[in-house]
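Each remark here refers to the structure printed beneath this line.
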2 protein chains.
Amino acid sequence: MSEADLASLSVEDSQASVGSKPDAEAKKAAKAAEKAAKEAAKAERAAQRGQKAAVMTQPDPEDPLKDKYGDYPMVQSQGQTTRKWTEVEQLEKELADQTVLVRARVHNIRGKGKSAFLVLRQRTATVQAIMFADDTTVSKGMVKYATQIPKESIVDVEGIIKVPEKSIEGCSQKDVELQVTGIRAVSRAAVLPFELVDAARSEEEVKAAAERGEVMPTVGQDLRLDNRFLDLRTPANQAIFKVQSAVCQLFKSTLLAEGFQEIHTPKLIAGASEGGAAVFRLDYMGVPACLAQSPQLYKQMAICADFNRVFEIGPVFRAEFSYTHRHLCEFMGLDLEMAIHEHYFEVLDVIEKLFGAIFDGLATTYAKELSVIASQYPFEIPTFKPLRLTFPEGIAMLKEGGYPDVDPMGDLNTELERALGRMVKEKYGTDFFILHRYPSAVRPFYTMPCSDDPAYSNSYDVFIRGEEIISGAQRVHDPELLTTRAIECGIPLPEIQSYIDSFKYGAPPHGGAGVGLERVVMLYCGLNNIRKTSMFPRDPKRLTP
Amino acid sequence: MSEADLASLSVEDSQASVGSKPDAEAKKAAKAAEKAAKEAAKAERAAQRGQKAAVMTQPDPEDPLKDKYGDYPMVQSQGQTTRKWTEVEQLEKELADQTVLVRARVHNIRGKGKSAFLVLRQRTATVQAIMFADDTTVSKGMVKYATQIPKESIVDVEGIIKVPEKSIEGCSQKDVELQVTGIRAVSRAAVLPFELVDAARSEEEVKAAAERGEVMPTVGQDLRLDNRFLDLRTPANQAIFKVQSAVCQLFKSTLLAEGFQEIHTPKLIAGASEGGAAVFRLDYMGVPACLAQSPQLYKQMAICADFNRVFEIGPVFRAEFSYTHRHLCEFMGLDLEMAIHEHYFEVLDVIEKLFGAIFDGLATTYAKELSVIASQYPFEIPTFKPLRLTFPEGIAMLKEGGYPDVDPMGDLNTELERALGRMVKEKYGTDFFILHRYPSAVRPFYTMPCSDDPAYSNSYDVFIRGEEIISGAQRVHDPELLTTRAIECGIPLPEIQSYIDSFKYGAPPHGGAGVGLERVVMLYCGLNNIRKTSMFPRDPKRLTP
């Protein structure tokens, strides 16, 4: 299959899988978007055929205000001035009557006779900018120039901050507007494959319109992903990736404070990292190699090498043909591994501290970003209380809660996990909990069996809103027991001999866990698809952009 | 070639390339190490053939002190006690006469009649522990048990902190020793492929011995790397990776404070990331794919997507057959990219702040780790002063400094870079400097040409000790100029059309840089080989462990 084929396949199939809209409507939206894209391409070709001259890019040389507008030459490090640019989010009442310079995108623009209304956008912030041709500060030529600047172009706008009588509902900066005194394009946009206002429209607005019998234009997931560098400009996406970066920083800072050290382990390895089948294979200088499905072996080697407590943030590769709302073929693994003195509860203590810090840090420091996300994709901030239930306790809850036939020694499927999540939320009031002591049969061979009953293991999963985000365990650190367990699980010893050997020279008892960054953000924000929390997602149908 | 072949090839060739020893001596050392490894394996096989019973693992049941020694059962989360373990580095005079519990490795052990001397090691810290059989706190059985514990085993030692009359020169904790009252093995080590004391020996000690005509055993690089989980236990290696983690944290914290945001971009991509040849290719669900040689395109797309200032810490893959002291096939890229208002000096300001913070942070907060590294691999802390020289200025210095024939429009080779580094150090007193305004001909097509002379470009390299650690530039953000430059450089347009397209919808002027983490640590610490600063290095001859 060619890349183009792959992309088109992706466009057709995606909406159905997203599952937030009925099929027919989704297809309609996708069609509309495709049509818009085609028209845009056509318009652009027309523009390239010489109709460019029609667009005003430089001022009328006779205009006395000609120094106040017109395209800049391309910024090429010609020199440095002392000009200061103000951030849009800093435009507040306190700056009233001051002149500021802003570099932002033209989010929206509307000309009306001698006046023009612009909305300028800078990441999650928007502000209204107004122009009236009065021939003293603004000329007619200037208004004409401004209204011909395409949406999404980057402009430098000089203006005076004014406090309008009524607050401006459509903008993040509601208490001020900019009275434009100068405007210059820094970088012009071509005709867009979709409108940013459509991509940024809230789900509630679309729903309300539908109830009135209207169809609000929306942008389908694959058109968004095909033009991800545009799609990412919506305020909700800007906020989602601020939150993603924040989760990373909270993960690191909490673990560093707990005595962990950051490590980096190779992603190019010989053989399959966990003996699994879903690996990407490649040729390494004539030697067969594959991409790491997890840093499992290497973080354990780091523990055997006395690093004591380590974490790694790195890509994880899974060649699984799972086209679901929560699987990616490449995702960011947040991994930790630590020596323990006595008990895997030492790891659970760290995990609870970690997620306490993440939940807390997001709710307090990133409240603004969370509300920006919620304004497009409504959700409630999840609750956090440390809670540990044993697997048998979880089974008992499920049996009592309407699942009498649940297998007490089997793994939980997605439905059971979600049901348990709901029951836990109801009974304990937390969206976060740990389930531990899983049956040995459903965990990998290197999981340490319980000392009192080898049918169970020193293992755990962690849930947010009833979906698994972490899997972990105390590992077998004894090479003899590891060999026995491998044989019991039918794993060919030669393939894992070097893994076993790394425990032969004195191995600290240890345990750890692996977290998927995109899943944490998705579940924390109650988003319906993991593609929303991956900057450039990779799934079985998507390898670009 | 099989993996085993690859490994053996690597063993034979490595010493020559490391270059720190004459060939003959290196081969002798490698042979000795191989012999030791073979003997170790033989001894182990003998032990496995039933001679294990000879080793005492449990106390004499008649011994009144039998509760004070003997192997623990395997730590399997049997329960949690209130015991507290003290870190070896915390054992100081202030704790004299207190009883502490320590979990550490047996670094060295020596029995002598009724007494035993142990050196316990925990990461970079070592302490002496002593036992005298007096039949009240220590029995003969206990001494016998202790002296039979293999080196590198992990033990729990209970003891009273004593202040010896003379300070203990061989240990990091010189002012105290432990008077053992209890000892139990947590995890026993098999016979080692090499001795940790040999792997940890300082270069100066080896040199001094050689001058006396003695040969001190050392461990060859490939034997180390083949058993990296052992080799990493040496204090110098423990310190090197503390420093590596610190560079990461300083990189992040400085950039976060400058308004940067962390991003994660895909490593699985369609086509070659920079149009280069040295890519690892693979099959992605039936579609041809390759591993990212750099996050260049994606970090630029993040800028086009309004993230303004971004950084990424992630693996970079280069399928180059470069077996040198400074090339790896997989390394950690520290990448940054930022929108600029006017000039690429805005990027250089950030780079200087960044390296100011890294140099400062290491020299102050990590002084202990640096001295541990220096005690095995002697080096001087590098000096830092912000210094920017233009490429023509650098050429002029080289011409005056003994290289009259240097090509004023060509790239600098390693020899010239090092020479310039020496001249700069002498003239300006700094081990760090920036060379900017490189000839356009030696930079990639997407580099922004200088506005005053397109033969030069808005580009820069950064040097530590005369070796390049950063390459960067202002990028062309104008799709038309980018197209022109690509054609001029002979790059087939269809291959890069999607790259060019991402600048079509309004692109902020921007620039950035890429840093190799392992190189920064290597050059800061004056180490002679990049394999010393990669936890599990990947080079053309090494894919394991």
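Structural remarks
- Members of segment B:329-353 that are in contact with a helix residue (DSSP H, G or I) (Cβ under 7 Å, 6 or more places away or on another chain) and either part of a loop (DSSP other than H, G, I, E, B) or surrounded by fewer than 20 Cβ atoms within 10 Å (Cβ to Cβ) (or both): B:I340, B:K353
- Among the conditions (1) in contact with a helix residue (DSSP H, G or I) (Cβ under 7 Å, 6 or more places away or on another chain); (2) under 29 Å from A:I240 (Cβ atoms); (3) among the charged types (D, E, K, R), the only one that B:R326 does not satisfy is (2).
- Per-region count, segment B:506-545, residues facing chain A (nearest Cβ under 9 Å) and among the β-branched types (V, I, T): 1
- Residue match in segment A:493-507 (condition: among the polar types (S, T, N, Q), closer than 26 Å to A:T324 by Cβ and assigned to a loop (DSSP other than H, G, I, E, B)): no
- Scanning segment A:397-440 for residues that are within 16 Å of A:P382 (Cβ to Cβ), in a helix (DSSP H, G or I) and of a type in the set (S, T, Y) returns a single hit, A:Y428.
- Tally, over segment A:63-120, of residues that are assigned to a loop (DSSP other than H, G, I, E, B), within 12 Å of chain B (Cβ to nearest Cβ), within 24 Å of A:V191 (Cα to Cα) and not aliphatic (A, V, I, L, M): 3
- Number of the exception - A:G259 against (1) among the small types (G, A, S); (2) at positive phi; (3) facing another protein chain (nearest Cβ under 9 Å): (3)
- Selected residue (criterion: surrounded by the fewest Cβ atoms within 10 Å (Cβ to Cβ)) from residues of segment A:460-474 that are more than 21 Å from A:A419 (Cα to Cα) and under 29 Å from the mean Cα position of the chain (by Cα): A:A473
- Some residue of segment A:296-308 being within 21 Å of the chain's Cα centre (by Cα), more than 7 Å from every other protein chain (Cβ to nearest Cβ) and at pLDDT below 95: no
- Some residue of segment B:454-461 being assigned to a loop (DSSP other than H, G, I, E, B) and more than 18 Å from B:K299 (Cβ to Cβ): yes
- Scanning segment A:67-84 for residues being surrounded by 14 or more Cβ atoms within 10 Å (Cβ to Cβ) and either β-branched (V, I, T) or touching a residue at least 40 places away in the same chain (Cβ under 8 Å) (or both) gives a total of 6.
- Selection of segment A:159-217 for residues being part of a loop (DSSP other than H, G, I, E, B), more than 14 Å from chain B (Cβ to nearest Cβ), of a type in the set (V, I, T) and crowded, with 20+ Cβ neighbours inside 10 Å yields only A:V176.
- Search result, residues across segment B:310-360 that are of a type in the set (V, I, T), within 14 Å of another protein chain (Cβ to nearest Cβ) and under 30 Å from B:V279 (Cα atoms): B:V310, B:I313, B:V316, B:V347
- Residues of segment A:167-220 that are of a type in the set (S, T, N, Q) and either at pLDDT 95 or above or within 30 Å of A:D67 (Cβ to Cβ) (or both): A:S167, A:S172, A:Q173, A:Q179, A:T181, A:S187.
- Single residue of B:T430, B:T390 found to be over 30 Å from B:G170 (Cβ atoms), over 28 Å from the mean Cα position of the chain (by Cα) and among the polar types (S, T, N, Q): B:T390
- Within segment B:278-292, the only residue that satisfies the criterion of being crowded, with 22+ Cβ neighbours inside 10 Å and more than 9 Å from chain A (Cβ to nearest Cβ) is B:A292.
- Residue, surrounded by the fewest Cβ atoms within 10 Å (Cβ to Cβ), within segment B:387-425, restricted to residues that are within 20 Å of B:I469 (Cα to Cα) and of a type in the set (D, E): B:E415
- In segment B:410-430, the condition of being under 21 Å from B:P509 (Cβ atoms) and not basic (K, R) is met by no residue.
- If the condition is being within 14 Å of chain B (Cβ to nearest Cβ), surrounded by fewer than 23 Cβ atoms within 10 Å (Cβ to Cβ) and over 17 Å from A:L412 (Cβ atoms), then segment A:426-459 contributes A:P449, A:C450, A:S451, A:D452, A:D453, A:P454.
- Of all residues in segment A:478-505, those satisfying the criterion of being in contact (Cβ under 8 Å) with a residue 40 or more places away in the chain and within 11 Å of chain B (Cβ to nearest Cβ) are A:Y499, A:S502, A:F503, A:Y505.
- Condition check for B:V515: under 11 Å from B:F445 (Cβ atoms) and either under 37 Å from the mean Cα position of the chain (by Cα) or not assigned by TED's automatic domain parsing to the domain that holds B:E352 (or both): no
- All of (1) surrounded by fewer than 20 Cβ atoms within 10 Å (Cβ to Cβ); (2) closer than 18 Å to A:S534 by Cα hold for B:K299 with one exception: (1).
- Of everything in segment B:140-158 that is in a strand (DSSP E or B) and either out of contact with any Ser or Thr (no Cβ under 6 Å at 6 or more places or on another chain) or aromatic (F, W, Y) (or both), the residue that is nearest to B:E94 (Cα to Cα) is B:V157.
- Among the residues of segment A:520-531, those that are out of contact with any helix residue (DSSP H, G or I) (no Cβ under 6 Å at 6 or more places or on another chain) and either surrounded by fewer than 23 Cβ atoms within 10 Å (Cβ to Cβ) or free of Cβ contacts under 8 Å to residues at least 40 places away in the same chain (or both) comprise A:G526, A:L527, A:N528.
- Residue match in segment A:394-405 (condition: within 30 Å of A:E495 (Cα to Cα) and either without any contact (Cβ under 8 Å) to a residue 40 or more places away in the chain or among the aromatic types (F, W, Y) (or both)): no
- Positions within segment B:116-145 being touching a Leu at 6+ places or on another chain (Cβ under 9 Å) and within 30 Å of B:A236 (Cα to Cα), in sequence order: B:L118, B:L120, B:R121, B:A125, B:T126, B:V127, B:Q128, B:A129, B:I130, B:M131
The values are calculated or read from the model by the stated rules, or taken from the named source; none is laboratory data. Computed from a predicted model, the values in this text were never measured in an experiment. All Cβ positions, glycine included, derive from the backbone under ideal geometry; neighbour counts span all protein chains shown.
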